[in-house]
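Every number here is computed from the coordinates shown, using simple stated rules; none is lab data. Since the structure is predicted, the reported quantities are computational estimates derived from the model, not experimental observations. Here Cβ is always computed from backbone atoms with ideal geometry, including for glycine, and neighbour counts include all displayed protein chains.
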Amino acid sequence: MAEIHTSTVPSDALDDRSVSKAEITARRLALIAGLLLLLVAPFLIYPVFIMKVLCFALFAAAFNLLIGYTGLLSFGHAAFFGGAAYFTAHSVKEWGVPPELGILIGTAGGAALGLIMGFFAIRRQGIYFSMITLSLAQMFFFFCLQAKFTHGEDGIQSVPRGHLFGFIDLNQPIAMYYTVAAIFLIGVFIIWRFVHSPFGMILKSIRENEQRAISLGYSVARYKLGAFVMSAALAGLAGGTKALVFQFATLTDVGWQTSGEVILMTLLGGIGTMLGPILGSAIVVMLGNYLATTGFPVTIITGAVFMICVLVFRRGVVGELAASRIGRKFGLARWL
Amino acid sequence: MNTVFGVPLPALLGQLLIGLINGSFYALLSLGLAIIFGLLRMINFAHGAQYMLGAFTAYLLLHFAGIGYWPALILTPIIVGVFGAVIERLFLQRLYGLDPLYGLLFTFGLALMLEGIFRYYYGASGQPYATPPSLAGGTNLGFMFLPNYRGWVVVASLLVCIGTWLLIEKTKLGAYLRAATENSTLVQAFGVNVPILLTLTYGLGVALAAFAGVLAAPIYQVSPLMGSNIIIVVFAVVVVGGMGSILGAIVTGYVLGITEGLTKVFYPEASNTVIFVIMAIVLLVRPAGLFGRE
């Protein structure tokens, strides 16, 4: 945590000084427990299910980077997620590139889309920003519907998983799982570093008071665009990985419903927390899987959860926990 | 046969008419959104779903109560408008004073739920709704054949748009509404019941969406998905027009509808996306929107 103190942000803006030794130990133990859980999970639960959760968790964490730490609600994140899935699937299947390069191409594609969309969207704030991102993502959806390489309604089917670094056969479910877990951890670590960097601090200051950030001399538009591209790139990382796991890329992933789903995951788990989006995506994926077996339409439940969250549960599961009496006593807000 | 830029005139006029009809719906819907946004400072994401609800209410009235098109055209906006007012009283009122994003998210959830319910009972395919007999058939205008119902849609939407504009600009109620949009605290201090005004405004906006839904029922089929298909385009229309002006929302709706129709003639591949492209260009040139003020 020491590196934070070298930042340009005045140190009284940070509450890390009050962190006790015991708390650091507790934090480390929790982290190790989490890693162990990730390590043994495929032997306890169906691996494909966890991989799906991990892909969406990374997607939601990337989305949260924007809403939670910059205060911008993007309604178009499906474009980066689904777009990257197409890029990865196409490059792996048609160009025969190795999986690691395919995922990188997907990530770069997500970042490029983010740069273009962000360039237009950051011109407006608040709900206009949301409507613009939604419209631009819909435009990308129509592009994907008509473009040759996406194969329209059929999508890109039977994408080969290939060999990671030339020698790890990803057709082995366990190898695929640990690859996804590693990508997830790398992605979340990048987000964590990004949020706690001086850049992240400036983003938070923009979220809290944009006018003041401007008057302090920060080029707010540039920081917002930076955050937007970062978020899009990580959403692309998640989307590209998902294309390899499920071996297809379809229009579903670029549709506005997917943008809504990632908002729900983040809102339900807790906007602006590290763990919230991860927990939220686990709940939403589980709910989706369960409802698929009953035949009851998912959208009714999704809509209801949205409404309930907004009315009584705005901080999300993790946020409410941190704000509760127990949470405050243990200072959970600082590390969830 | 006459041609314009190599396109046969009847084909051009046909697409122009389709564009004008789409524009009528864009205008009605963006007008409702602008009225709601003006006072409630909230984007009503459920606007598309309420449009769909209008079409379905007309359909259900016909099939379960035998109530035909003309009574439905009056009854449906009232029924759906009251439904909107109830939603506002029960839920939306709790969200005032919060970040407007929560209003957006709540109404998004509402839209998902409404769409999900109708999909559950009626599937994703459309239900046919017959054109009223009094408007069946068409008129030969000499240069083109105009189906009567489509002509009626354009006239009706124009009348309602102008009527709503007059209501807001020329009546006492409209004056209250405009005053509350500027400064609701002060208006409340003058003894105007602002919470009731908010409920009425939301109900009015929703009723406009439902009216558009009834108008649309005989043209497009009555489908649970009709709302989400149109609402994103309407959002783009609203970004282009800027929500500051009622008249701006109406004009932008018609103009973009016609532009979309013309694109279908000259470059069909782009007809789905032309409105989004225009939105992007407007954002570059005039970020506040053509009629917006900021």
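Springs between alpha-carbon atoms under 10 Å, Gaussian network over chain B: tell me which of B:L75, B:L146, B:L204 tops the mean-square fluctuations.
Result: B:L146 has the largest fluctuation of those listed.
Pairs on different chains or at least eight residues apart, Cα atoms closer than 23 Å: how many lysine pairs in segment A:22-255 fit? List each step's numbers first, then the result.
Numbers: A:K52/A:K93; A:K52/A:K242; A:K93/A:K148; A:K93/A:K242; A:K148/A:K242; A:K204/A:K224.
Lysine pair count for segment A:22-255: 6.
With a cut-off of 8 Å between alpha carbons and a minimum separation of six or more residues, what is the relative contact order of segment A:22-255 in percent?
Working: 361 pairs, mean separation 95.9, N = 234.
Normalised by residue count, the contact order of segment A:22-255 is 41 percent.
Could you give the angle, 0 to 90 degrees to the nearest 10, between helix B:148-170's Cα long axis and the longest principal axis of the Cα atoms of chain B?
Around 30 degrees separate the two axes.
Label segment A:22-255 by shape, choosing from rounded, prolate and oblate, from the square roots a ≥ b ≥ c of the eigenvalues of the Cα gyration tensor; if a/c is under 1.5 it is rounded, and otherwise prolate applies when a/b is larger than b/c, oblate when it is not.
Numbers: a/c = 2.32, a/b = 1.19, b/c = 1.95.
Taking the square roots of the gyration eigenvalues as a ≥ b ≥ c, segment A:22-255 is oblate.
Per 0.36 nm of contour for each residue apart, how much would the distance between A:N289 and A:L37 grow if the chain were fully extended, relative to their Cα-Cα spacing?
Working: separation 252, 0.36 × 252 = 90.72 nm, distance 2.13 nm.
Fully extending the segment from A:N289 to A:L37 adds 88.6 nm.
To the nearest 20 debye, what is the magnitude of the charge dipole of the protein assembly as shown about its Cα centre, counting +1 on the Cβ of each Lys and Arg and -1 on the Cβ of each Asp and Glu? Show your work: numbers first, answer last.
Numbers: 34 positive and 23 negative charges, 211 e Å.
Taking the Cα centre of the protein assembly as shown as origin, the dipole is about 1020 debye.
If you fit an axis through the alpha-carbon atoms of helix A:21-44 and take the longest principal axis of the Cα set of chain A, what angle between them do you get, 0 to 90°, nearest 10?
10
With a Förster radius of 25 Å, plug the Cβ-Cβ distance of A:A30 and A:F296 into 1/(1 + (r/R0)^6) and report the FRET value to the nearest 0.05.
Values: r = 36 Å, r/R0 = 1.43.
Once the sixth-power term is evaluated, E becomes 0.10.
How tilted is helix B:47-65 with respect to the longest principal axis of chain B? Cα atoms for both, answer in degrees (0 to 90, nearest 10).
Rounded to the nearest ten degrees, it is 70.
Per residue of B:274-286, how many C-beta atoms from partner chains lie within 10 Å of its own C-beta, taken as a mean? Intermediate values should be presented prior to the final figure.
Values: counts 1, 3, 11, 1, 0, 6, 10, 1, 2, 10, 3, 0, 1.
So the per-residue partner count for this stretch is 4.
Rounded to the nearest 0.05, what FRET efficiency do B:T139 and B:L225 give with R0 = 45 Å and r taken as the Cβ-Cβ distance? Could you check? Write out the running numbers ahead of the final one.
Values: r = 32 Å, r/R0 = 0.71.
My answer for the efficiency is 0.90.
For segment B:62-211, what does the alpha-carbon gyration tensor say about shape, rounded, prolate or oblate, given a ≥ b ≥ c as the root eigenvalues, a/c under 1.5 as rounded, and a/b over b/c as prolate? Don't skip to the end; give the middle numbers.
Details: a/c = 2.55, a/b = 1.48, b/c = 1.73.
Verdict is oblate for segment B:62-211.
Stretch A:Q257-A:S20 to full length: gain in nm at 0.36 nm per residue minus the Cα-Cα span?
Values: separation 237, 0.36 × 237 = 85.32 nm, distance 4.36 nm.
Contour length minus Cα-Cα distance gives 81.0 nm.
Could you compute the FRET efficiency for A:L44 and A:F167, with r as their C-beta to C-beta distance and R0 at 22 Å, rounded to 0.05?
Working: r = 28 Å, r/R0 = 1.25.
My answer for the efficiency is 0.20.
From the Cα gyration tensor of the protein assembly as shown, with a ≥ b ≥ c the square roots of its eigenvalues, which class applies: rounded if a/c is under 1.5, or else prolate if a/b is larger than b/c, or else oblate? It would help to have the intermediate numbers written out before the result.
Values: a/c = 1.87, a/b = 1.45, b/c = 1.29.
Here the protein assembly as shown falls in the prolate category.
Please get the size of the charge dipole for segment A:22-255, origin at its Cα centre, with Cβ charges of +1 on Lys and Arg and -1 on Asp and Glu, quoted in debye to the nearest 20. Show your work: numbers first, answer last.
On the way: 15 positive and 9 negative charges, 124 e Å.
Dipole magnitude for segment A:22-255 comes out near 600 debye.
Residue by residue through segment A:315-326, what is 3J(HN,Hα) from phi via Karplus (6.51 cos²θ - 1.76 cosθ + 1.60, θ = phi - 60°)? Round to whole Hz and write x for glycine and proline.
Those phi angles translate into 7, x, 4, 5, x, 5, 4, 5, 8, 6, 4, 4 Hz.
Roughly how many nanometres apart are two label points built 7 Å out from the Cα toward the Cβ at A:D154 and B:V86?
4.8
Once every DSSP H run of n ≥ 4 in the protein assembly as shown is given -39500 (n - 2.57) and the sum is divided by its residues, what mean residue ellipticity at 222 nm do you get, rounded to the nearest 500 deg cm²/dmol?
On the way: 25 runs with 444 residues, N = 630.
My calculation for the protein assembly as shown gives -24000 deg cm²/dmol from helical runs alone.
Once amide H atoms are placed 1.01 Å from N in the peptide plane, what residues at a sequence separation of 5 or more from B:G138, or on another chain, have their amide H within under 5 Å of its amide H?
B:N148
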